[in-house]
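The values are calculated or read from the model by the stated rules, or taken from the named source; none is laboratory data. All figures in this text were calculated on a predicted structure; none of them were measured in a lab. Cβ placement follows ideal geometry from the backbone for every residue including glycine, while neighbour counts extend to all protein chains displayed. Side chains are part of the model used for accessible areas, which takes the heavy atoms of the whole protein and leaves out ligands, DNA and RNA. Shrake-Rupley method; radii C 1.70, N 1.55, O 1.52, S 1.80 Å.
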Amino acid sequence: MKVPFLDLSIHDEEQLQNYLGVCERVFRHGRLVMGPEVSQFESDIAIYCKTKRAVAVSSGTDALFLTLKLLGIGPGDEVIIPAMSFVATANAVRLNGADVVVADVEDDFNISPKSMEKLITARTKAVIPVHYGGKIAKMSKILSIAQAYGLEVIEDASQAFGAKQDEKIAGTLAPIGCISLNPMKILGAFGEMGVIVTNNDKWADHLEALRYNGVHQQKSCIEVSSNCKPDTLQAALLIEKLKLVDQIINQRRANAEFLRNALHEYCICPYDDEGASDVYYTFTVLIEKRDELQSFLQDRNIESKVYHPVLTNEPAYSKVIGEYENAMKLTRSKLALPVNETVSKEQLEYITESVIEFFKET
Ligand SMILES: *Cc1c(COP(=O)(O)O)cnc(C)c1O
């Protein structure tokens with residue numbers, strides 16, 4: 001048996017025909033960028049996330065980049081992000097000319113509110129909690145600290161589309177949230193795409209200009225920005241994919257539960273906090289003999305990943321300041337196992353049997 005970490009090819013014939021039909025419709029009307037499906041998709045996302053507005057953009061990185069620009073964050077400002085994330089979170093800050101400060105993470109890989117508060121200076125303008133692996137960060141604590149210090153809070157919900165905490169959906173706990181729709185993500189497009197959700201109409205209108213090279217109402221450029229417009233094709237395909245997303249999330253949650261039930265005696269497994277419904281973008285376990293387990297699984301054709309090094313380990317960010325002791329500790333023992341909706345029951349059994357075999361042999 002073989003277990004790829006993620007298989008993005010489409011095997012369901014009915015779905016394939018549906019997507020091909022969508023492509024044909026877009027090719028026939030020919031409005032390939034910012035076509036009618038883009039606003040339809042935005043309204044579908046706003047309904048799903050229960051926000052007033054959704055603004056589609058070309059990627060999750062661009063969603064963060066434009067949101068920081070929208071909030072006027074630039075040279076001289078500091079933005080606090082968790083020490084452990086995909087590097088896009090940091091890049092979006094630096095591309096706006098602001099400085100990145102990393103806060104340590106808790107054992108669930110999410111930003112530590114305590115560490116975050118310690119790092120606040122007179123220059124701090126914003127904090128970007130990342131909902132790591134599909135689990136929402138400690139938002140109520142983060143929001144109350146941010147309010148006390150007058151900081152903006154931008155959620156990076158890229159890994160957590162559809163995750164819930166007390167019935168609130170990832171990306172909507174703070175005043176603004178950014179979501180990647182890259183093919184690997186929970187709601188994955190068939191190319192690059194991202195979306196920003198907010199209840200603030202003024203912000204949403206402004207973002208519509210910012211994604212369009214700073215051109216307001218398709219007339220004149222009143223500020224410097226970039227081209228972050230979404231493709232019509234991606235929006236049209238995502239309208240269909242969104243109809244399946246609850247099914248995708250339920251399958252990931254069921255897969256996670258299966259893995260957790262079988263493995264919790266052998267290694268530290270992720271679980272939902274009180275009142276939370278995680279979406280398991282990753283199922284990241286903690287295990288001392290991580291490298292040995294990874295190669296043991298590789299020998300059995302099971303692909304696993306060590307995702308997201310600590311930011312200071314990236315050459316471009318080696319001089320970044322902040323706190324990252326726990327992140328460094330966790331990064332030595334974390335391993336992401338296949339958990340996505342395409343992993344079959346047989347494959348899940350093969351994964352858990354193999355992990356248990358590893359522990360019996362070593
Ligand atoms: C994927 C991801 C991004 C970037 O999204 P893209 O759509 O790939 O640009 C940003 N932050 C996090 C946490 C991510 O996982």
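Observations on the model:
- Residue-level accessible surface for residue 184, protein heavy atoms, 1.4 Å, Å²: 70
- Global form of the chain, assessed from the alpha-carbon gyration tensor, a/c cut-off 1.5: oblate
- Accessible surface for the chain, divided over its residues, is 45 Å² per residue with a 1.4 Å probe.
- Apolar share of the accessible surface for the chain: 50 percent from carbon plus sulfur atoms, 1.4 Å probe.
- Taking a Cβ cut-off of under 13 Å around residue 186, the surrounding Lys, Arg, Asp and Glu residues balance to a net charge of +3, with basic ones at +1 and acidic ones at -1.
- Largest mean-square fluctuation among 134, 214, 21, in a Gaussian network model of the chain whose springs join Cα atoms under 10 Å apart, belongs to 21.
- Given 12 as the ceiling on other Cβ atoms within 10 Å, longest exposed-site-free region of the chain for GluC sites (Glu not before Pro) in DSSP loops: 1-166
- Helix-only mean residue ellipticity at 222 nm for the chain, each DSSP H run of n ≥ 4 adding -39500 (n - 2.57), per residue, nearest 500: -12000 deg cm²/dmol
- 3J(HN,Hα) along the range 332-339, derived from phi through the Karplus expression 6.51 cos²θ - 1.76 cosθ + 1.60 where θ = phi - 60°, amounts to 6, 10, 8, 8, 9, 9, x, 9 Hz, with x in place of Gly and Pro.
- Tensor-based shape of the range 245-361 (alpha-carbon gyration tensor, a/c under 1.5 rounded, otherwise prolate or oblate): oblate
- Against the criterion of solvent-accessible heavy-atom surface with a 1.4 angstrom probe, 118, 164 sort, most first, into 118, 164.
- Within a Gaussian network of the chain (alpha carbon springs, distance under 10 Å), most fluctuating of 216, 131, 11: 11
- For the options 101, 195, 306, a Gaussian network treatment of the chain with springs between C-alpha atoms closer than 10 Å singles out 306 as fluctuating the most.
- Across the range 170-175, computed HN-Hα scalar couplings (Karplus, 6.51 cos²θ - 1.76 cosθ + 1.60, θ = phi - 60°) run 3, x, 10, 7, 9, x Hz from first to last residue, x flagging Gly and Pro.
- With a cut-off of 11 Å between beta carbons, the residues surrounding residue 41 carry a summed charge of -4, where Lys and Arg count +1 and Asp and Glu -1.
- Bridges between two residues of the range 13-242, per DSSP, are antiparallel at a rate of about 55%.
- Charge sum, other residues only, whose C-beta stays under 11 Å from residue 115's C-beta, Lys/Arg counted +1 and Asp/Glu -1: -3
- Note, ³J(HN,Hα) from phi for the range 286-299, Karplus 6.51, -1.76, 1.60, rounded to Hz, x at Gly and Pro: 10, 8, 4, 8, 4, 4, 5, 4, 4, 6, 4, 5, 4, 4
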